Amino acid sequence: MEYRMMAGKIHRATVTEANLNYIGSITIDQNLLTASGLLPYEMVQITNLANGALWQTYIIAGEAGKGDICLNGPPARLFHPHDLVVILGWRNLTRDELRTYQPHVVFVDEHNQITDVTTEESPFKEYVNHPGLKAGASETSIG
């Protein structure tokens, strides 16, 4: 039996460009791909925190260090520069693979530069005061 598990997550990245005339995909800074464990041409899910839009497409690697998060093609109608997004990749793993499985969660600042990478994400914490989040919010426990 295989389980569909989160492979990597880029949390609250800022959309830098939306290019309707490109044939499709999402361009992601290579540094973010490396840190998250996501791969070029891998299918990902992107959720827009501004409007709740959800899109699935494949990754194109962008230049390392530029902070690019560009939605190409049709999603450019749903994702706009400065929108915050969550990018999730998935892997199918066997029970044996789950024993050593560790997804990577990448946190970024407003310029999509890495502020933290973790292999754990507490289901009881709300990350509202992470360095990559808006000022004035606070980290709270839920439960």
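The values are calculated or read from the model by the stated rules, or taken from the named source; none is laboratory data. Please read these numbers as outputs of a predicted model, since none were measured by experiment. Please note: Cβ atoms are built from the backbone with ideal geometry, for glycine as well, and neighbour counts cover all protein chains shown. The area values use the complete protein model at the heavy-atom level, side chains included, leaving out ligands, DNA and RNA. Shrake-Rupley method; radii C 1.70, N 1.55, O 1.52, S 1.80 Å.
Tabulated data for the structure shown
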{"item": "Odd one out for Thr115, checked against (1) among the hydroxyl-bearing types (Ser, Thr, Tyr); (2) within 16 Å of the chain's Cα centre (by Cα); (3) closer than 23 Å to Arg4 by Cβ", "result": "(3)"}
{"item": "Unmet requirement for Ala7, which otherwise passes all of (1) within 22 Å of Ile114 (Cβ to Cβ); (2) modelled with pLDDT of 95 or more", "result": "(2)"}
{"item": "Residues (in a loop (DSSP other than H, G, I, E, B), in contact (Cβ under 8 Å) with a residue 24 or more places away in the chain and open to solvent by less than 70 Å² (accessible area, probe 1.4 Å)) located in the range 43-64", "result": "Ala53, Ala64"}
{"item": "Residue match in the range 112-132 (condition: at pLDDT 95 or above, surrounded by 12 or more Cβ atoms within 10 Å (Cβ to Cβ) and of a type in the set (Gly, Ala, Ser))", "result": "no"}
{"item": "Pair list, Cβ < 9 Å and 6+ apart or interchain, from the range 1-20 residues that are acidic (Asp, Glu) and open to solvent by 60 Å² or more (accessible area, probe 1.4 Å) to residues that are in a loop (DSSP other than H, G, I, E, B) and at pLDDT 95 or above", "result": "Glu17/Asp68; Glu17/Pro81"}
{"item": "Residues of the range 21-42 classified as open to solvent by less than 60 Å² (accessible area, probe 1.4 Å) and modelled with pLDDT under 95, total", "result": "2"}
{"item": "Members of the range 65-78 that are open to solvent by less than 30 Å² (accessible area, probe 1.4 Å) and closer than 16 Å to Ile23 by Cβ", "result": "Cys70, Leu71, Asn72, Gly73, Pro75, Ala76"}
{"item": "Candidates Ala76, Ala18 - the one that is more than 25 Å from Tyr3 (Cβ to Cβ) and in contact with a helix residue (DSSP H, G or I) (Cβ under 8 Å, 6 or more places away or on another chain)", "result": "Ala18"}
{"item": "Tyr101 being open to solvent by 80 Å² or more (accessible area, probe 1.4 Å), at pLDDT below 95 and either in contact with a strand residue (DSSP E or B) (Cβ under 8 Å, 6 or more places away or on another chain) or on the phi < 0 side of the Ramachandran plot (or both)", "result": "no"}
